[in-house]
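S.K.: For reference, the structure I am asking about is given below.
The values are calculated or read from the model by the stated rules, or taken from the named source; none is laboratory data. Values in this document were obtained by computation on a predicted structure and should not be read as measured data. Neighbour counts run over all protein chains shown; Cβ positions are idealised from the backbone, glycine included.
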């Protein structure tokens with residue numbers, strides 16, 4: 001089993017929608033996938049038509065002394081989601097699975113017989129306590145080609161990541177094209193990049209509570225995410 005985490009430079013970058021889309025794309029390639037929501041926002045399940053009033057999740061189970069993997073939902077054959085759940089912010093400090101990232105290494109070993117991929121949607125920003133020390137086989141950093149991301153990216157040790165995923169790229173934007181050109185020059189040999197183009201289908205898919213590949217399989221963003229999934233598979237085989 002391969003574990004992968006999406007790390008956002010900041011909030012609002014579409015990280016959760018990207019993870020849902022990547023999980024769906026890997027499943028379409030015949031992989032068995034489990035997506036785990038590590039964010040107290042508890043939004044990942046909404047991309048797979050889980051009920052809005054559904055409040056259970058691995059964090060709730062852990063606090064209640066139940067098995068952490070009890071709230072595991074098979075949303076499609078070969079594709080499962082484990083929500084975070086709704087937890088009182090004052091109780092986050094009691095969660096070993098949130099405050100002690102190494103706990104998930106043991107859990108990954110337990111899940112390995114059932115899944116080929118374990119995808120984590122991490123809380124933002126990359127400096128968050130739940131992100132620090134979180135060890136996975138692949139680490140993907142999510143950014144946008146804009147100045148806030150550029151400044152924050154300059155503060156990162158980019159060698160810690162396997163890929164820079166540039167979301168919502170608009171080739172008609174001179175600024176975005178210029179930022180992307182600078183990044184390609186700066187990180188040419190240190191950090192591979194993958195683009196996901198700006199596409200209204202992403203927003204529409206979330207409104208329909210579906211990953212973009214299911215909602216609009218032939219749109220530009222879906223093709224970009226499919227390319228990302230193929231790259232992930234290639235890295236696994238390398």
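S.K.: Tell me which helices (runs of 4 or more DSSP H) are completely within the range 143-238 and hold 3 or more residues being more than 14 Å from residue 22 (Cα to Cα), out of contact with any helix residue (DSSP H, G or I) (no Cβ under 9 Å at 6 or more places or on another chain) and at pLDDT 95 or above, or say none if there are none.
M.R.: Working: elements: 147-153, 174-186, 200-207, 212-215, 220-237.
Those helices (runs of 4 or more DSSP H) span 174-186.
S.K.: A follow-up question, please. Please state which one of 26, 43, 19, 50 is in contact with a strand residue (DSSP E or B) (Cβ under 7 Å, 6 or more places away or on another chain) and surrounded by fewer than 24 Cβ atoms within 10 Å (Cβ to Cβ). Lay out the reasoning, then the answer.
M.R.: Values: 26 fails: surrounded by fewer than 24 Cβ atoms within 10 Å (Cβ to Cβ); 43 fails: in contact with a strand residue (DSSP E or B) (Cβ under 7 Å, 6 or more places away or on another chain); 19 fails: surrounded by fewer than 24 Cβ atoms within 10 Å (Cβ to Cβ).
It is 50.
S.K.: Among the residues of the range 7-31, count how many are assigned to a loop (DSSP other than H, G, I, E, B) and without any contact (Cβ under 8 Å) to a residue 60 or more places away in the chain.
M.R.: Step one: of the range 7-31, the residues assigned to a loop (DSSP other than H, G, I, E, B) are 9-14, 29-31.
Okay, now just the ones that are also without any contact (Cβ under 8 Å) to a residue 60 or more places away in the chain, so 12, 30.
Of the residues in that region, 2 qualify.
S.K.: Count, please, the residues in the range 198-212 that happen to be within 23 Å of residue 5 (Cβ to Cβ) and in contact with a strand residue (DSSP E or B) (Cβ under 7 Å, 6 or more places away or on another chain).
M.R.: Adding up the residues that qualify gives 0.
S.K.: If only one of 97, 30 is more than 21 Å from residue 142 (Cβ to Cβ) and touching a helix residue (DSSP H, G or I) at 6+ places or on another chain (Cβ under 6 Å), which one is it? Before the answer, list the steps.
M.R.: On the way: 30 fails: touching a helix residue (DSSP H, G or I) at 6+ places or on another chain (Cβ under 6 Å).
Only one candidate qualifies: 97.
S.K.: With respect to residue 61, determine if the residue is more than 17 Å from the chain's Cα centre (by Cα), over 22 Å from residue 7 (Cα atoms) and part of a helix (DSSP H, G or I). Even if it seems obvious, please write down each step before you answer.
M.R.: On the way: more than 17 Å from the chain's Cα centre (by Cα): yes; over 22 Å from residue 7 (Cα atoms): yes; part of a helix (DSSP H, G or I): yes.
Judged against the criteria, residue 61 is a match.
S.K.: Could I ask something else about it? Restricting the search to the range 207-225, which residues are surrounded by fewer than 19 Cβ atoms within 10 Å (Cβ to Cβ) and in contact (Cβ under 8 Å) with a residue 60 or more places away in the chain?
M.R.: Selection gives 209 alone.
S.K.: Which one of 172, 109, 145 is in contact with a strand residue (DSSP E or B) (Cβ under 9 Å, 6 or more places away or on another chain) and more than 21 Å from residue 24 (Cα to Cα)?
M.R.: Of 172, 109, 145, the one residue that is in contact with a strand residue (DSSP E or B) (Cβ under 9 Å, 6 or more places away or on another chain) and more than 21 Å from residue 24 (Cα to Cα) is 145.
S.K.: Being under 13 Å from residue 36 (Cβ atoms) and either modelled with pLDDT under 95 or buried (at least 19 other Cβ atoms within 10 Å of the Cβ) (or both) is the requirement here; does residue 130 meet it?
M.R.: On the way: under 13 Å from residue 36 (Cβ atoms): yes; either modelled with pLDDT under 95 or buried (at least 19 other Cβ atoms within 10 Å of the Cβ) (or both): yes.
When the stated conditions are applied, residue 130 passes them.
Here is a yes/no grid of residues against (1) exposed (fewer than 13 other Cβ atoms within 10 Å of the Cβ); (2) over 29 Å from residue 100 (Cα atoms); (3) under 16 Å from the mean Cα position of the chain (by Cα):
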site	(1), (2), (3)
135	yes, no, yes
146	no, yes, no
151	yes, no, no
173	no, yes, no
180	no, yes, no
183	no, yes, no
191	no, no, no
195	no, yes, yes
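S.K.: Take the residues in the range 37-53 that are touching a residue at least 12 places away in the same chain (Cβ under 8 Å) and either in a helix (DSSP H, G or I) or over 22 Å from residue 14 (Cβ atoms) (or both); name whichever of them is nearest to the chain's Cα centre (by Cα). Don't jump to the end; show me each part of the working.
M.R.: First, the residues of the range 37-53 that are touching a residue at least 12 places away in the same chain (Cβ under 8 Å): 37-50.
The next check asks that each one be either in a helix (DSSP H, G or I) or over 22 Å from residue 14 (Cβ atoms) (or both); those that pass are 44-48.
Details: 44: 9, 45: 12, 46: 14, 47: 12, 48: 14 Å.
Selected residue: 44.
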